[in-house]
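Everything on this sheet refers to the single structure shown next.
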Amino acid sequence: MASISAKVVKELREKTGAGMMDCKKALTENDGDMEKSIEWLRQKGTISADKKQGRVASEGLVQSYIHTGGRIGVLVEVNCETDFVARRAEFQELVKNVAMQIAACPNVEFVKVEDIPEETVTKEKEIEMGRDDLGGKPENIKEKIVSGRIDKRLNEISLLPQPYIRDQSITVEELVKQSIALLGENIQIRRFVRFVLGEGIDKKESNLADEIGDITGKK
């Protein structure tokens, strides 16, 4: 059996957030193998994704994705805690899948609902309150309906609540939590930008008959 040093136990603890004794036991059970020990702790339920999410994540990757045909492009930054995890194939696969998810979601503007500015929420509420189908309804009922619609709308423009394109039974947020549990570090989608070819350009409306007339010299 491999000798387990305090340094290795500390390293595993930093990677997983698990208790010192749990880390020592995991390393002992797996002959000091770090990756197997992380997996062992995950299987035992010792690693909690929720506990990891409060830790600082400043490493990670910036990933690009260009959709077939070059009409849609995405840049996304996903953070983890260490360069070691950033180099892991599982983390890189996650980042790639997140970029593809963003490309597939034209309505998404924010990472999470909490990122949405208050003025955007207020504007959405004003729009909903003015809808014709709410006319004549009591104020308390109207507020309840509008609140439900607002929640739905905010989720529609946020990335984390979206159903994951490769497995509709989970959300993007749940996908990230699975990776946190697997890799033993806090993982955060920090920011993204989505480009659509020609977006924002005022396209000139053309009249085919006039164009043909200009070419032939006939009107």
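The values are calculated or read from the model by the stated rules, or taken from the named source; none is laboratory data. On a predicted model such as this, the values are computed, not experimentally measured, just so you know. Neighbour counts run over all protein chains shown; Cβ positions are idealised from the backbone, glycine included.
Okay, here's what the table says:
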read-out: Selection from region 12-60 of residues that are charged (D, E, K, R) and at pLDDT 85 or above; value: Lys24, Lys25, Glu29, Asp31, Asp33, Glu35, Lys36, Glu59
read-out: Hey, Lys204 basic (Lys, Arg), modelled with pLDDT under 90 and in contact with an Asp or Glu (Cβ under 9 Å, 6 or more places away or on another chain) or not; value: no
read-out: Count - residues of region 70-88 that are assigned to a helix (DSSP H, G or I) and modelled with pLDDT of 95 or more; value: 0
read-out: Selection from region 110-120 of residues that are part of a helix (DSSP H, G or I) and of a type outside the set (Asp, Glu); value: Val113, Thr120
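For every residue, the table says whether it meets (1) under 23 Å from the mean Cα position of the chain (by Cα); (2) surrounded by fewer than 17 Cβ atoms within 10 Å (Cβ to Cβ); (3) assigned to a helix (DSSP H, G or I).
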{"residue": "Asn97", "(1), (2), (3)": "yes, no, yes"}
{"residue": "Ile102", "(1), (2), (3)": "yes, no, yes"}
{"residue": "Cys105", "(1), (2), (3)": "yes, no, no"}
{"residue": "Val108", "(1), (2), (3)": "yes, no, no"}
{"residue": "Thr122", "(1), (2), (3)": "no, yes, yes"}
{"residue": "Glu126", "(1), (2), (3)": "no, yes, yes"}
{"residue": "Asp133", "(1), (2), (3)": "no, yes, yes"}
{"residue": "Ile141", "(1), (2), (3)": "no, yes, yes"}
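Table: residues versus (1) modelled with pLDDT of 95 or more; (2) charged (D, E, K, R).
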{"position": "Ala99", "(1), (2)": "yes, no"}
{"position": "Val108", "(1), (2)": "yes, no"}
{"position": "Ile116", "(1), (2)": "no, no"}
{"position": "Glu143", "(1), (2)": "no, yes"}
{"position": "Asp151", "(1), (2)": "no, yes"}
